[in-house]
Amino acid sequence: MEMLLKTDCGTLKGLEDARCRRFLGVPFARAERFQYAVPVDRFDGVLDATKPGPACPQNRAVHEHFEHPTRRFYHKEFREGQVFTYDEDCLNLNIFTPKDVENAPVIVFFYGGGFDSGINWESPFDGAALAEHGVITVFANYRVGLLGYLTHEAIQRANGRDGNFGLDDQILAIKWVFNHIRDFGGDPQNITLMGQSAGAISIQYLCLNHDLKGLFHRAIMMSGAGLFPKFSLPKPAVDTHAYWEQFIEAAGVDGFEGLKAAPLGLLFDTVEKMKEIRKDAIYHTMPVVDGVLLKDGVDRLIKDPLPLDYLIGYTNNDMYAPIMAYIGNRFGRANGAYIYYFDRNAPGDDNRAFHSCDLRYAFGTLDGSWRPYEPRDHEASRQLVSYLSNFARCGDPNGDGLPVWKKAGGLRTRVLRFAKDETGMGHAHYGTMLKNMLTKGDPKA
C-alpha cells in the first residue's frame, strides 16, 4: 500500500508491504552531460517514490548484441522481462527500510557492469530480505560508459579535474545518504558500502581516498578487491585524451561542444565504431587518475587504504577466477578481511558458480530467477543474508546459528566456503577455478 514519509527534503510517497517500506527513484543529484553533478536536497510537493527512476543511458540499451552468448546469458539472468527507462537525469536511489525503525545500519550498493552498464533495479536488487534483518539498503544509480568516464582538456580547464563523473556520482550518493538517511530510520554513523564487480572496484577506489574518512565505515566487495593486471589499472586522465579526440573525430561533430550537444544515438553508434577501430576501447570508459578522487596510481594508493572493516567474496567460475581469488586473498590478508568463496554451482545449466551468481543469494532473491534453486541454495542464501546483515551492524558477520567465519590470515588463506552441501571454513580451490576458466570461460546461454 502507499504511505507518506516527511523528511528534511520534503514529503515522499512510498510503498509499504508486510516485509518493508520502499522509496523508489529518489533523486540525490542532477547533472548536465559531461558535467559534475550537484546534490538534490529539496523536493517540490509530494515526491512520487513508488516506481524506479530512469537509468543512465548506456550502449547495451541501443546495441544489445544478443549474438554474443555472454550478453544473452546475463540478459536472461538479470533483466529478461523487465522494461527499463533511460534518461541523462538518472541519479536516483531505491531505498528499502524496515518498518518503524531507528538507527538502523545502512548498506549502500553499487552495481557492476564493467563501468559501461548497469541499473539499480535489475531483478536481483531488492532490499526486503535485509530489511527483515533490520538493515536499510540503498541501491544507487551512477553514470556509466562514455557519460560516466569521458575525459577532455575542456573538462580539466573548467573544473580543475577531469573525468570520473560516475565515481563522483557515487560519492554524492553516499553523502546524500549520510545527510538524510536518519529521516528513513537509518544511522549515518553506520554506513557500509557494498558492490559487485565494477561496483566493488569502485568501492575499493573510494577506500583509497582518505578525504572520505568518516563518510562510511565498512566495505563489502564482491568479485573485485585488490590489484588487477597492470593493463586494467586507472591511467592518468591526460593519457586518455587522445582516445576521446579520436572519438570526436569518428562522431563527426564539432569538437567537445559538439559532443555535448550530439544525439545519444550518435554517441552510441560512435561507441560501436571505436570498438572496431581500437582494441583498447573498453579501457577508456573506466575511472582515471584525476588527482582528486584518485590522487595517484592505484598500485601505490592500495598500500594505505582506509582503516575499515572489509568483507570480500568471489566465485569458482568468476571473471578470471584464479586472479580474482589471488588478489582478493592478498588484500584480505593485508587488511584483516572476512573472505567468502562461493563454490555452490548454480542449478539449471553447466555454468557453475558464474561471475555475479552470488548477487541473488546476497539479497535473498532466488525466487525471481528462472533457475530451479534447491533447498541447499535457499539455505546458503539465508546464511549469506544473515552474515551480511551482521557485518553491516557491527563489522563481524558471525551470529547465532551460523557456521563460524574467521578473518583472513596465514600463508594459505582460509575462507568461508559456500560448498555444494555445507558452509564452513576452508580454502579456495585454485585448480578448480583455473579449470573452469580454461574449459568454459565466460558464461554461455
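Only the coordinates and a few stated rules stand behind these numbers; no lab work does. Bear in mind the structure is a predicted one, so any value in this text is a computation, not a measurement. Virtual Cβ from ideal backbone geometry, glycine too; neighbours counted across all protein chains shown.
Normalising the average separation of contacting C-alpha pairs (under 8 angstrom, six or more residues apart) by the number of residues puts the relative contact order of the chain at 15 percent. Here each label is just a point 7 Å from Cα along the line to Cβ, and for ASP367 and LEU212 those points are 3.5 nm apart.
Around ASN159, under 12 Å between beta carbons, what's the net of Lys plus Arg minus Asp minus Glu among the other residues? Don't skip to the answer; put the middle values down first.
Working: positive: ARG157, ARG161; negative: GLU153, ASP162, ASP168, ASP290.
Charge balance in the 12 Å sphere: -2.
Enumerate by residue number the chymotrypsin sites (Phe, Trp or Tyr not before Pro) in the range 350-439 meeting two conditions: DSSP loop (anything except H, G, I, E, B), and at most 13 other Cβ atoms within 10 Å of the site's Cβ. The partial results should precede the final answer.
On the way: sites: PHE354, TYR361, PHE363, TRP370, TYR373, TYR387, PHE391, TRP405, PHE418, TYR430; in loops: TRP370, TYR373, TRP405.
Of the chymotrypsin sites (Phe, Trp or Tyr not before Pro), the ones in loops of the range 350-439 whose Cβ has at most 13 other Cβ atoms within 10 Å are TRP370.
Exceedance of the 22 Å cut-off in Cα-Cα distance is limited, within the set LYS235/LYS435; LYS76/LYS275; LYS273/LYS295; LYS235/LYS407; LYS213/LYS295; LYS235/LYS303, to LYS235/LYS435; LYS76/LYS275; LYS273/LYS295; LYS235/LYS407. Of the residues TYR74, TYR338, TYR310, the one that moves most in a GNM of the chain with alpha-carbon contacts below 10 Å is TYR74.
Once the C-beta distance of ASP8 and GLN35 is scaled by a Förster radius of 22 Å, the resulting FRET efficiency is 0.30 to the nearest 0.05. Each principal axis of the chain carries a Cα extent, and these read 63, 54, 43 Å when sorted largest first. Comparing SER202, SER369, SER386 in a Gaussian network model of the chain (Cα springs below 10 Å), the most mobile by mean-square fluctuation is SER369. Modelled spin labels at LEU434 and ASN179, positioned 7 Å past Cα toward Cβ, are 5.1 nm from each other.
Defining a contact as two alpha carbons under 8 Å apart and six or more residues distant in sequence, what relative contact order in percent does the range 141-203 show? It would help to have the intermediate numbers written out before the result.
Values: 47 pairs, mean separation 14.1, N = 63.
Result for the range 141-203 is 22 percent.
Seen from TYR373, the other residues with C-beta closer than 11 Å to its C-beta sum to a net charge of 0, counting Lys and Arg as +1 and Asp and Glu as -1. Summarising the strand pairing of the chain, around 40 percent of its internal DSSP beta bridges are antiparallel. When the chain is treated as a GNM with alpha-carbon contacts under 10 Å, the residue of CYS56, CYS207, CYS394 showing the greatest mean-square fluctuation is CYS394. Do you know the relative contact order of the range 323-445, to the nearest whole percent, from alpha carbon pairs under 8 angstrom that are 6+ apart? That works out to 27 percent.
As a calculated quantity, the FRET efficiency between GLN82 and ASP44 at R0 = 25 Å, using C-beta atoms, amounts to about 0.30.
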